[in-house]
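To start, the structure under review is shown below, and the notes come after it.
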Amino acid sequence: MNFEQMKEYLVAAAKVAGLTEYEIYATSNREMSTETLKGEISSFSSGESGGISFRCIVNGKMGYASSELLTREEMEALVDRAIDNAKNIENDDEVFIFPGSKHYEAVTAPACDLPEAGTLKNWALDLEKKTYAEHPSVSDGTQTGAIAFESNIMLCNSHGLELTNHVSASGAYVDAIVKEGDEAVSGFKIKSGRDATVFEALPGEAVEKARGKLGAVTVESGKYDCVISGEQMRTLLSAFSSMFSAKMVQHGMSLLKGKLGEKIASDVVTVTDDPRRPECDVQTSFDGEGVATYRKCVIEQGELRTYLYDLTTAKKDGVASTGNGQRGSYASSVSIAPYCFCLEAGDKTQDELFGEMGEGLYITELKGIHAGANAVTGDFSLESAGFRIRDGKIAEAVKTFTIAGNFLELLKNIDAIGDEIRFGFTGGFTSFASADVRVRGISVAGK
């Protein structure tokens, strides 16, 4: 994309239209993915996308328009469409074109070039071969895959602000199927990385996870002390992250309304949002409105310290934006979202979490998270699986039970946190991470 040329056309058209408050935002993206089955590449896709958007303030209203067609005529038409759209806006929220922050921190994870298509395929094929070699029980249906993407983001506005960011990430996954007798179970593992050496442990981890489910039993209903794995706790964080959005709070759709400065979790709980966390490949020094991003404690030792703000919601509350006004694409409007949203590690090893609990459940799977979790009420009811903990150690696998409760109550009932954070693969600027957490008295519906 010739962004500089398109910018010149847009600026000229804005000047002719008499606009003094406007912004230009553009993205260009490349992505590839591949998957294997039975020793062959079963699918491969590669594509490029992108476009440019123009937004402007007319009579106190913000008008948007976007396009993938990059010609002078289209850029001129883009300005006209944005002006017309502004005239049709009925929302009375105050809107802004941001002049810029005083300082922008550099990202710590420089973007790399995408791997070649052949390299990506070789990653997946090698992982499948190694997965089958892990154990004789690995069966047909086992799949592996690899993913890579990169994105360029460009933002400039009528205040002279000019910002750019180049991000990239790649990763691989293994979905191992193991069979013994009439029983078949699966184990899925995914990891981000820049080369094949990073993925060497995936086959063993996926097969071990699958084999651990063989012979699973059921449990009686009741209240159980539980350790929730970091992988599943980050899934819960994802499901309920919108309750920390200032927009949801202001609209009365979050249980956190009016709770700033109050205890909403146990003392051991600290949740941060960090757009430049070293463990994350996708980082940014500015948000979709051009506001500088920074690390923040959302919950600190159980106390709610801040909501997540964009410019409009921050103005309503009389505070500064937290730099969380993200844009999913060039055509998207601004929405509030976290970056690396992480429940921080504690000081307990996994053995200590289990040993001090004595008896209970270790939850390693949560299913139906989108249907079974309500971010407005905080309630959840989720099909789960994992292991019994007996005498402070992992015992038999447990299947098909349901945990139910309220997310804020769960945060209050966390009494210990593991010392290792589990990070997930990100497909964009938002990712979630968590350590293992021990929660007392979770309601379990079993047999």
Inset, instruction - May I ask for the angle, rounded to the nearest 10°, between helix 72-87 and the longest principal axis of the chain, with both axes built from Cα atoms and the value confined to 0 to 90°? - result: 80
Inset, instruction - Please list, in chain and number order, the residues 5+ apart from residue 390 or on another chain whose amide H is under 5 Å from its amide H, with Hs placed from the backbone. - result: 395
Inset, instruction - Compute the distance in nm between two label points, each set 7 Å from the Cα along the Cα-to-Cβ direction, one at residue 186 and one at residue 347. - result: 4.1
Inset, instruction - Counting only DSSP beta bridges with both residues in the chain, tell me the antiparallel percent, nearest 5. - result: 90
Inset, instruction - For the chain, find the longest principal axis of its Cα atoms and tell me its angle to the long axis of helix 3-16, 0 to 90°, nearest 10. - result: 50
Inset, instruction - Provide the per-residue ³J(HN,Hα) series for the range 323-333, in order, calculated from phi with Karplus coefficients 6.51, -1.76, 1.60 and θ = phi - 60°, each as a whole number of Hz, with x at glycine and proline positions. - result: x, 10, x, 8, 10, x, 7, 4, 8, 7, 7
Inset, instruction - Pairs of Cα atoms under 8 Å, at least six residues apart: use those to get the relative contact order of the range 342-447, whole percent. - result: 31
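Starting from the range 266-325, pick out the GluC sites (Glu not before Pro) whose DSSP state is loop and whose Cβ has at most 12 other Cβ atoms within 10 Å. Intermediate values should be presented prior to the final figure.
Values: sites: 279, 289, 300, 303; in loops: 279, 289.
For GluC sites (Glu not before Pro) across the range 266-325 that sit outside H, G, I, E and B with at most 12 neighbouring Cβ atoms in 10 Å, the list is empty.
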Inset, instruction - Determine which residues of the range 408-447 fall in the zone a paramagnetic label at residue 377 would reach in this model, i.e. backbone nitrogen under 11 Å from the point 7 Å along Cα→Cβ. - result: none
Legend entry - Over the chain, relative contact order from alpha-carbon pairs under 8 Å, at least 6 apart, %: 16
Legend entry - Carbon/sulfur fraction of accessible area - the chain, other protein chains in place, 1.4 Å, %: 47
Legend entry - Whole-number D in µm² s⁻¹ for the range 350-403, Kirkwood Cα-pair radius fed into Stokes-Einstein, 10 °C, 1.306 mPa s: 132
Inset, instruction - Go ahead and set up a Gaussian network model of the chain, Cα springs under 10 Å, then flag whichever of 359, 73, 162 fluctuates most. - result: 73
Inset, instruction - Using only the C-alpha atoms of the range 20-128, find the volume of their convex hull and express it per residue in Å³. - result: 192
Legend entry - Three-way shape call for the range 79-179 based on the alpha-carbon gyration tensor, with the a/c threshold at 1.5: prolate
Inset, instruction - For the range 95-101, take each phi angle, set θ = phi - 60°, evaluate the Karplus expression 6.51 cos²θ - 1.76 cosθ + 1.60, and give the result in whole Hz per residue in order, putting x for glycine and proline. - result: 10, 9, 10, 6, x, x, 8
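What's the FRET efficiency of residue 406 with residue 105 using the Cβ-Cβ distance as r and R₀ = 35 Å, to the nearest 0.05? Mind dumping the intermediate values first?
Details: r = 36 Å, r/R0 = 1.04.
My answer for the efficiency is 0.45.
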Inset, instruction - Could you let me know the centre-to-centre spacing of the range 73-105 and the range 14-40, using Cα atoms, in angstrom? - result: 18
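Taking 0.36 nm per residue of sequence separation and subtracting the Cα-Cα distance, how much length would be gained by fully extending the chain between residue 116 and residue 335, in nm to one decimal?
Contour length minus the Cα-Cα distance gives 75.5 nm.
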Legend entry - R0 of 41 Å, Cβ-Cβ distance residue 208-residue 267: FRET efficiency to nearest 0.05: 0.75
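Can you work out the FRET efficiency for the pair residue 319 and residue 8, with r the C-beta to C-beta distance and R0 = 30 Å, to the nearest 0.05? The partial results should precede the final answer.
Numbers: r = 37 Å, r/R0 = 1.22.
Between residue 319 and residue 8 the formula returns 0.25.
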Inset, instruction - Could you size up the charge dipole of the chain around its Cα centre, putting +1 on the beta carbon of Lys and Arg and -1 on that of Asp and Glu, and report it in debye to the nearest 20? - result: 660
Inset, instruction - Tell me which residues come under 5 Å, amide H to amide H, from residue 324 once H is placed; ignore anything under 5 positions away on its chain. - result: 309
Legend entry - Stokes-Einstein D in µm²/s, Kirkwood radius over Cα pairs - the range 125-239 at 4 °C with 1.567 mPa s viscosity: 75
Inset, instruction - With only alpha-carbon atoms counted, please give the Rg and Dmax of the chain, in Å. - result: 24.2, 77
Inset, instruction - Could you run the Karplus curve 6.51 cos²θ - 1.76 cosθ + 1.60 with θ = phi - 60° over the range 236-242 and give me ³J(HN,Hα) per residue in whole Hz, x for Gly and Pro? - result: 5, 4, 4, 5, 10, 5, 5
Legend entry - Crossing angle, helix 202-211 versus the chain [Cα axis fit, 0-90 degrees, rounded to tens]: 50
Inset, instruction - Once you've got the GNM for the chain with C-alpha springs shorter than 10 Å, pick whichever of 176, 124, 86 has the biggest mean-square fluctuation. - result: 86
Legend entry - In Å, descending, principal axis extents of the Cα set of the range 197-344: 57, 43, 27
Legend entry - Length-normalised contact order for the range 1-88 - Cα pairs under 8 Å, 6+ apart - percent: 28
Legend entry - 222 nm mean residue ellipticity, helices alone, for the chain (DSSP H n ≥ 4; -39,500 (n - 2.57); rounded to 500): -6500 deg cm²/dmol
Legend entry - Residue list for the range 117-161, given a label point 7 angstrom along the Cα-to-Cβ vector of residue 37 and an amide N cut-off under 18 Å: 121, 124-129, 132, 139-147
Legend entry - Accessible heavy-atom area order of 213, 87, highest first, probe of 1.4 Å: 87, 213
Inset, instruction - Just read off the accessible area of residue 139 with the full protein assembly in place, 1.4 Å probe, to the nearest 10 Å². - result: 20
Legend entry - Among 120, 304, 70: highest mean-square fluctuation, GNM of the chain, C-alpha pairs under 10 Å: 70
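The values are calculated or read from the model by the stated rules, or taken from the named source; none is laboratory data. These numbers were taken from a predicted model, which means no experiment stands behind them. Note: ideal-geometry Cβ built from the backbone for every residue, glycine included; neighbour counts use all protein chains shown. Ligands, DNA and RNA are excluded from the accessible area calculation, which covers all protein heavy atoms including side chains. Shrake-Rupley method; radii C 1.70, N 1.55, O 1.52, S 1.80 Å.
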